[in-house]
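Please read the structure below before turning to the comments.
The values are calculated or read from the model by the stated rules, or taken from the named source; none is laboratory data. Small disclaimer: the values here were computed from a predicted structure and weren't measured. Glycine gets a Cβ as well: all are built from the backbone with ideal geometry, and neighbour counts include every protein chain shown.
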Amino acid sequence: MHIRKFTIDSDEQVVVKVLREVLDLYRISTADEDSAAFEEIVVRNETAEGNPLRVRTETIFVGTEGDAKRRSTETVARDGENPRSERHRLIKLNFYKLLREELSLPEAPWGILYGVRPSKIVHRWLDAGLPRDDIMERLHEDYGVGEDKAALLVDSSIYQRPFLRQTDSRTVSIYAGIPFCPSRCLYCSFPAFVLPGEKMLRRFTEVFFRDLAAVRGAVAQYGFRVQNIYVGGGTPTSLPDDVFDEMLRTLHGSFASDALVEFCVEAGRPDSMTPAKLQSMVRCQVNRVSANPQTMQARTLRRIGRRHEPEDIVRMYRDLRAAGIPCVNMDVIIGLPGEDVRDVEDTMEKIADLAPDDVTLHALALKKGSRLRENLSETELPDDETARDMFTAAMDCTKRMGLTPYYLYRQGYQSGQLENVGCCRPGAESMYNIQIMGERQTILGIGGAATSKIVSPTQKYLKTSFNPKEITVYLDKVDYYIEKRNRLLHEVYGEQED
Ligand code: SF4
């Protein structure tokens, strides 16, 4: 649906953003076209400061014949919450309510809840001692979250609690980013580059090891214990065998100790795996590998630009098992072009036959920068309802496999307004994934596009430093980014003796 004009009585950036997010939930866009459903929608908000803060919202729906309908509502802030965030939440909730009433729209699965880590809100309420049922109710009342999503969110958050607690101010994780892939997938919006030639690769490894040495120095200086090492990208296994081996050995030699719980490598694509890499992983005691088929449909693999067949994924999985890798995760994407519910069921049946320890379901995110988003007209993507049916079918299959959802996160522009969910057998939880989503542990990022999150010892705030996404900037300015990370570490942890 589209409308000709959307008018807000404020140019406050956050207010404009949250109100536009409501339109996005129902794919309502503004366009000057004859077929517009409304000439204009006007939103006015009045805030009564005080305790509690109140927000009254009036919405005027101006029809194409000039007719106008007014609707209004008023809501009250929660006691004890930040008044500024509450004001924005209430403005959004009010408009969501009024728009749904006027247009008889169904509830959005996640209501007005937006953001990558919805579990952080739940953890905050759990910390405050709220019982499960109260949290469920509050998610519905405050954010309009549907019952199914609320249960998934609350139960997976409760599941994480014992894992989240296994950290303290000196326990950290390491993320190593290798931003290369054998080829670029159609839907990819990651900063991943096709593996460069020898000269460029040599330069990358020099810079990467300089970055790594700086993190090793910080770990020693601040007396950190490394709980997890995660090698992601890109596809780290796209590196030549000798470079891959050196990288793993250096990571292991620099950060492995008795405190290490998880050493995970993303081996996303079978066309990048070799027996030598498998041996390197075994030698360096990698105990978790993510082997990501995304789909087991040959025609889709071709369509999304992957240069392998489903049988190659099966072969890689069996090789990982035969080598004794204790934990294997498989990623599946829901909502790929040309797929329907039957394709997802078939993919999941094939994955269930392999019996991985962990399956992560991703709802396709059509982010800016992906070729898929730029070429939407050339592809057929499932509609929201079909995407949701596909997701339900996949989740049902994980249940039959005996897997339990244990972490979730969301991205912008996800198919069916869905989420990404990690499901595993008991004992196969990824500590790194839980810690990175919880944002209660310091993560030090090395390599291209790697992010460092430095969490204060009280867990009250975090500071973030991003290595550049553009590979040439990373190569040219690594010292600047090392210095920035060191400065943040110093700000958060203070001066430490060597
Ligand atoms: S394997 Fe992953 S990072 Fe690499 S191109 Fe495909 S989607 Fe992007």
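Does the stretch 319-338 contain any residue that is modelled with pLDDT under 95, within 16 Å of the ligand (Cβ to nearest atom) and farther than 27 Å from ALA428 by Cβ?
So far as the stretch 319-338 goes, yes, one or more of its residues are modelled with pLDDT under 95, within 16 Å of the ligand (Cβ to nearest atom) and farther than 27 Å from ALA428 by Cβ.
Return yes when GLN166 is more than 14 Å from the ligand (Cβ to nearest atom), touching a helix residue (DSSP H, G or I) at 6+ places or on another chain (Cβ under 8 Å) and part of a helix (DSSP H, G or I) and no when it is not.
no
Looking at (1) in a strand (DSSP E or B); (2) at positive phi, which one does VAL43 not meet, given that it meets all the others?
(2)
Would you point out which residue out of ILE135, ILE158, ILE174, ILE178 is within 16 Å of the ligand (Cβ to nearest atom) and among the β-branched types (Val, Ile, Thr)?
Numbers: ILE135 fails: within 16 Å of the ligand (Cβ to nearest atom); ILE158 fails: within 16 Å of the ligand (Cβ to nearest atom); ILE174 fails: within 16 Å of the ligand (Cβ to nearest atom).
Answer to the selection: ILE178.
Being at pLDDT 70 or above and basic (Lys, Arg) is the filter here, so list the residues in the stretch 363-379 that pass it.
Within the stretch 363-379, LYS367, ARG371, ARG373 meet the criteria.
Report the residue count in the stretch 144-153 for those that are surrounded by fewer than 21 Cβ atoms within 10 Å (Cβ to Cβ) and not in a loop (DSSP other than H, G, I, E, B).
4
Collect the residues in the stretch 268-287 that are hydroxyl-bearing (Ser, Thr, Tyr) and either under 24 Å from SER257 (Cα atoms) or within 16 Å of the ligand (Cβ to nearest atom) (or both), keeping them in residue-number order.
Scanning the stretch 268-287 gives SER272, SER280.
Considering only residues of the stretch 264-322 that are more than 27 Å from the chain's Cα centre (by Cα), of a type in the set (Gly, Ala, Ser) and surrounded by fewer than 21 Cβ atoms within 10 Å (Cβ to Cβ), which is farthest from THR347 (Cα to Cα)?
ALA276
Which ones in the stretch 1-54 are hydrophobic (A, V, I, L, M, F, W, C), more than 33 Å from the chain's Cα centre (by Cα) and surrounded by 15 or more Cβ atoms within 10 Å (Cβ to Cβ)?
Selection gives ALA36, PHE38, VAL42.
Please go through the stretch 116-142 and give me each residue that is surrounded by 16 or more Cβ atoms within 10 Å (Cβ to Cβ) and among the acidic types (Asp, Glu), ordered by number.
Once the filter is applied, which keeps residues that are surrounded by 16 or more Cβ atoms within 10 Å (Cβ to Cβ) and among the acidic types (Asp, Glu), the stretch 116-142 yields only ASP142.
Return a yes/no flag: does the stretch 242-251 have any residue that is over 22 Å from GLY447 (Cα atoms), crowded, with 20+ Cβ neighbours inside 10 Å and either within 16 Å of the ligand (Cβ to nearest atom) or under 22 Å from the mean Cα position of the chain (by Cα) (or both).
no
How about the stretch 281-297: which of its residues are closer than 24 Å to CYS185 by Cβ and in contact with a helix residue (DSSP H, G or I) (Cβ under 6 Å, 6 or more places away or on another chain)? Working first, answer last.
So the first thing to find is which residues in the stretch 281-297 are closer than 24 Å to CYS185 by Cβ, and the list is 281, 286, 288-297.
Within the stretch 281-297, VAL289, ALA291, PRO293, THR295, MET296, GLN297 meet the criteria.
What are the pairs with Cβ atoms under 6 angstrom where one residue, in the stretch 219-245, is at positive phi and not assigned by TED's automatic domain parsing to the domain that holds PHE193 and the other, located anywhere, is assigned to a loop (DSSP other than H, G, I, E, B) and within 10 Å of the ligand (Cβ to nearest atom)? Sequence gap at least six, or different chains.
Note: no pairs meet the criteria.
Identify all residues within the stretch 76-122 that are of a type in the set (Val, Ile, Thr) and either touching a Ser or Thr at 6+ places or on another chain (Cβ under 8 Å) or modelled with pLDDT under 95 (or both); write none if there are none.
ILE91, VAL116, VAL122
What number of residues within the stretch 288-299 are within 16 Å of the ligand (Cβ to nearest atom) and within 21 Å of PRO326 (Cβ to Cβ)?
5
Among the listed residues GLY416, GLY422, GLY402, GLY427, which satisfies the condition of being in contact with an Asp or Glu (Cβ under 7 Å, 6 or more places away or on another chain) and on the phi > 0 side of the Ramachandran plot?
Answer to the check: GLY416.
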